[in-house]
1. State all residues of the range 93-138 that are more than 30 Å from the chain's Cα centre (by Cα) and among the aliphatic types (A, V, I, L, M); if no residue qualifies, say none.
2. Any residue that is within 25 Å of Thr123 (Cα to Cα) and assigned to a loop (DSSP other than H, G, I, E, B) - is there at least one of those in the range 49-64?
3. Can you spot a residue in the range 251-263 that is under 30 Å from Lys157 (Cβ atoms) and assigned by TED's automatic domain parsing to the domain that holds Pro217?
4. When you go through (1) in a loop (DSSP other than H, G, I, E, B); (2) more than 30 Å from Leu156 (Cβ to Cβ) one by one for Phe241, which number turns out not to apply?
5. Scan the range 208-220 and give yes if some residue there is aliphatic (A, V, I, L, M), surrounded by 14 or more Cβ atoms within 10 Å (Cβ to Cβ) and within 30 Å of Lys93 (Cβ to Cβ), otherwise no.
6. Quick check on this structure: which one of Ser78, Ser100 is assigned to a strand (DSSP E or B) and either among the polar types (S, T, N, Q) or surrounded by fewer than 13 Cβ atoms within 10 Å (Cβ to Cβ) (or both)?
7. If a residue has to be in a strand (DSSP E or B), over 29 Å from the mean Cα position of the chain (by Cα) and not charged (D, E, K, R) to count, how many in the range 196-223 make the cut?
8. Scan the range 86-137 residue by residue and report those that are over 15 Å from His63 (Cα atoms), of a type in the set (D, E, K, R) and out of contact with any Pro (no Cβ under 7 Å at 6 or more places or on another chain).
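The values are calculated or read from the model by the stated rules, or taken from the named source; none is laboratory data. Small disclaimer: the values here were computed from a predicted structure and weren't measured. Note that each Cβ is placed from the backbone with ideal geometry, even for glycine, and that neighbours are counted across all protein chains shown.
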Amino acid sequence: MAELVTGHAGKAHVTPEQAAGLNAGILGLDDYVLNVHDKFKISVVSANKVTIGTGELVMQGRHVNQGRPEDLIVTNGSQGMKRNDLVVCRYTKGSQSIESAQLLVVKGTPTTGTPTDPTINTTSPLDGGTTYDMPLYRIPLDGITIGTPVALFNVLKPMSDVWDSLTQFETGQLKMPYSDRTITLTKVGCVVVANAYITLTGSFKSAGNVAVNEKIPEGFRPADGANAVLHGSDNGGDATFYLVVSPDGSMRLNGTGNVGRFIGVSGCWITVWNRS
């Protein structure tokens with residue numbers, strides 16, 4: 001049965017599950033530290049104490065606030081032994097469905113070899129789990145010494161940052177091989193679109209992966225590990241070719257084109273996302 005959640009019902013009716021479901025649907029089905037306050041910054045105070053700074057996090061849709069720094073005790077290490085501990089934020093649903101969250105250190109198993117992380121609770125409250133751990137840091141211990149903590153969480157950027165990145169708009173030009181005309185490059189966020197209607201001023205016959213001198217300008221090149229393809233053709237079939245673009249901007253030509261033919265060129269690819 002459908003229920004209006006964000007509406008007046010004359011009684012208390014909004015549940016934590018509904019609020020968590022909304023958060024998870026908007027922010028994602030994962031765990032995130034939000035980009036505010038100290039973002040749970042960790043400081044090693046002594047051989048058995050760390051301090052966790054302020055922050056906000058969302059774990060499986062549950063919002064947790066850390067309003068002031070908190071000291072956590074790390075069990076002392078042992079000479080000649082290594083151990084991995086985990087700092088986690090633990091969600092608990094107890095009797096009478098009372099829910100709570102706390103930061104704590106989950107102790108690992110000492111070993112003379114390579115230590116592994118301790119087992120934590122992974123059944124999401126979205127799936128009915130009553131205890132769930134969001135890992136924040138791995139604390140390595142070598143003997144009685146605490147090593148450098150390793151962050152295990154993702155910081156979720158605010159929507160304003162995402163919007164700014166997606167709406168970045170930039171244009172550029174690429175000289176078309178065998179032509180005195182250029183192809184227009186338009187970049188929105190990390191997506192590049194190439195298009196042009198141009199006349200060939202030179203001919204090439206059955207080019208097979210031939211390197212050309214022209215290059216895609218920086219800022220418009222394909223992301224590492226990927227190639228881009230520009231396709232060109234005319235209505236009569238006298239020109240049909242494609243240009244393969246590498247991440248360094250170099251291009252290789254395949255196909256046929258005849259001087260004087262009026263052709264359409266198009267392509268679309270992902271470039272490096274500039275978050276600045």
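1. Hit for the range 93-138 is Ile98, nothing else.
2. Applying the first criterion (within 25 Å of Thr123 (Cα to Cα)) to the range 49-64 yields 52, 55-64.
With assigned to a loop (DSSP other than H, G, I, E, B) added as a condition, the list becomes 60-61.
Yes, the range 49-64 contains a residue that is within 25 Å of Thr123 (Cα to Cα) and assigned to a loop (DSSP other than H, G, I, E, B).
3. Taking the range 251-263 as the starting set, the residues that turn out to be under 30 Å from Lys157 (Cβ atoms) are none.
The answer is no; no qualifying residue exists.
4. Every listed condition holds for Phe241 apart from (1).
5. Just the residues of the range 208-220 that are aliphatic (A, V, I, L, M), to begin with: 210-212, 216.
Retained after the next criterion (residues that are surrounded by 14 or more Cβ atoms within 10 Å (Cβ to Cβ)): 212, 216.
Going one step further and asking which of them are within 30 Å of Lys93 (Cβ to Cβ), we end up with none.
No, the conditions are met nowhere in the range 208-220.
6. Working: Ser78 fails: assigned to a strand (DSSP E or B).
Answer to the selection: Ser100.
7. 13
8. Asp117, Asp127
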